[in-house]
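Accompanying notes for the structure given below.
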Amino acid sequence: MFCCALALLCAERTCPASSFQHATTLGATPATQGTSPDLDSAGWTRFRGPNGSGVSDRHSLPASLGDEHHAWSVDVPLGHSSPVVFDGRIYLSGVENVEAPEGAHEDLVTLCLELASGKTLWKRAIRRPRKGHFDQRNNAASPTPCCDARGVIVFFPDLGLIAYDASGAETWRQVLGPFRNVYGMGASPVLEADRVVLVCDQQEGSFIAAWSRNDGKELWRTERPFALSGHCTPISITGPKTGARRIVAPGSFYLDVYDITNGTRDWFVAGLACEMKSTPVTDGTSIYINGYASPLNQVGNQVEIDEFRAAIENYDKNENGQIDKSEAPRNRAMSYFDFVDRNADGALDEADWTMLRAALASQNGMLAIRIDSATATKETDERVARDLTETNLRWAYRRPVPQLPSPLLYRGILYLLADQSGLLTMLDPTTGDLVERGRLESGKDNYYASPVAGDGKLWLVGESGLVSVVRAGKELETIHAHDLGEACYATPALVDGRVLIRSTKRLHCYR
């Protein structure tokens, strides 16, 4: 069913049925640790730190968040973005209400703080030019900035990209949007090869693009026609034989790999869920990515619906050649109606219906994908992206996986933190076999932040402010539990022996 639906979406892509049914190891490749690009580089300069890994082993880190380790806490504007750090400077985005004589409005705020003290070095505010749709668990300052020696680049979905130098002077701006995403935009920009790369997946017009770090000029833009509402921040990989850098961007149904120089889609692997939120991780030989769309996409829960022609015969009462929302069958599958109604006209045409069938047939799961050893052997921009599903999909774990928290690969174990209840699953990255599964002590909470690790410890931050420090290893051992008493959605940062945790109200530093 899935293959037929995807074949209608794009004729040139082959979708062998076996590609979407794997639940066992397809080809074991030993997982290494610390071989991905910039895995342990200085600073924490993007979402989830070095290459999105969530790992920093450069310094000793506190085993508890008690008073003896508390360095400072400061008030910050509302926001779900994570702190990023370079050369002793913390950059953070937010949104705040402003009362003015001409009336109240909201400002999109960029802050620069001193890492040592939390002191504000500078603050820049831009009046919010529009108010796009955001889920109540999202807001106008959810994407995490990226930074380097020159300063910081911030993405505000209601504005676009804006770059400031280290002293706070604006250097360039790229107006983007408006966007239409079911939950609002959430992907963060990254810096790669002197380019700012951003994935903008939405209901229609999804794309990945790169802008010059120097002046913000758009260098390339590549459409992502099958990507729906997504929130994945990309990572980079290096070809094992060629040394060529590539951008890895998960999206609906496919993990896509792009040439960083020109945006050409180089290769892809099929089998992802229809809505992707997490950031992949890599050990230099494989890519690991989890995707969870809905309970309907769990193996055994899937619903099959008619092909479009049969649906028209059965449900098109007004004979307009579409399935209007009032005509749609009353079953579980129609919970996806608004998701695939990409132009929001209240009706599904043949393309929408085909997308619905593909979405319903997709499966939740955790995939391990071998990095292509032949990356960058062809240099023509016109080449067709290679389908490496059969050769490079190593294993797929089809038990329930997280929807929002990204995976963590640390010291030979792949960690998956469930969105609810504090369930932590540990997998063997070589085979996908279960190592351990258990619930965090005092960690029963909802989790939007992704886990991070360093110095032999994991930090897991719950929505209500529950923080668990867990010892890395094959057994689940909570070293310390701490309650901030503040709502937390941002992923922590680990840098220079410090743990930075942002709540919706404050930024806390422990060392």
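We did not get these values from a lab; they are worked out from the coordinates using the rules stated. Keep in mind the model is a prediction, meaning the values are calculated, not measured. Note that we place each Cβ from the backbone using ideal geometry, even for glycine, and neighbour counts take in every protein chain shown.
Some notes on this structure:
- The Rg/Rh ratio for segment 308-357, using Cα coordinates for both the radius of gyration and the Kirkwood hydrodynamic radius, is 0.90.
- Theoretical gain in end-to-end length, T171 to S442 [0.36 nm per residue, Cα-Cα removed]: 93.0 nm
- Cβ-derived FRET efficiency at R0 51 Å, E96 paired with F207, nearest 0.05: 0.95
- Computed magnitude of the charge dipole of the chain (debye, nearest 20; Cβ of K, R +1, Cβ of D, E -1): 900
- Amide H contacts of H231 (H built 1.01 Å from N, under 5 Å, at least 5 apart or other chain): M276, K277
- Taken about its Cα centre, segment 308-357 carries a charge dipole of roughly 280 debye when the Cβ of each Lys and Arg holds +1 and the Cβ of each Asp and Glu holds -1.
- Rounded Å value of the spacing that divides the Cα centres of segment 140-172 and segment 342-364: 35
- Once the chain from D338 to S60 is taken as fully extended at 0.36 nm per residue, the excess over their C-alpha distance is 95.3 nm.
- Applying a threshold of 29 Å to the alpha-carbon distances of K241/K457; K131/K217; K131/K444; K131/K325; K325/K505; K277/K505 flags K241/K457; K131/K444; K325/K505 as lying beyond it.
- Taking packing as the residue-averaged number of other Cβ atoms within 10 angstrom, the listed peptides 314-323, 108-117, 49-58 run from highest to lowest as 49-58, 108-117, 314-323.
- Principal-axis tilt of helix 350-361 within the chain, Cα atoms, nearest 10 degrees: 70
- Full extension of the chain segment joining L121 with V384 gains 89.8 nm, where the gain is 0.36 nm per residue of separation less the Cα-Cα distance.
- Dipole in debye (nearest 20) - segment 139-235, about Cα centre, beta carbon charges: Lys, Arg +1; Asp, Glu -1: 60
- Candidates per GluC sites (Glu not before Pro) in segment 427-488, loop by DSSP, up to 14 other Cβ within 10 Å: E475
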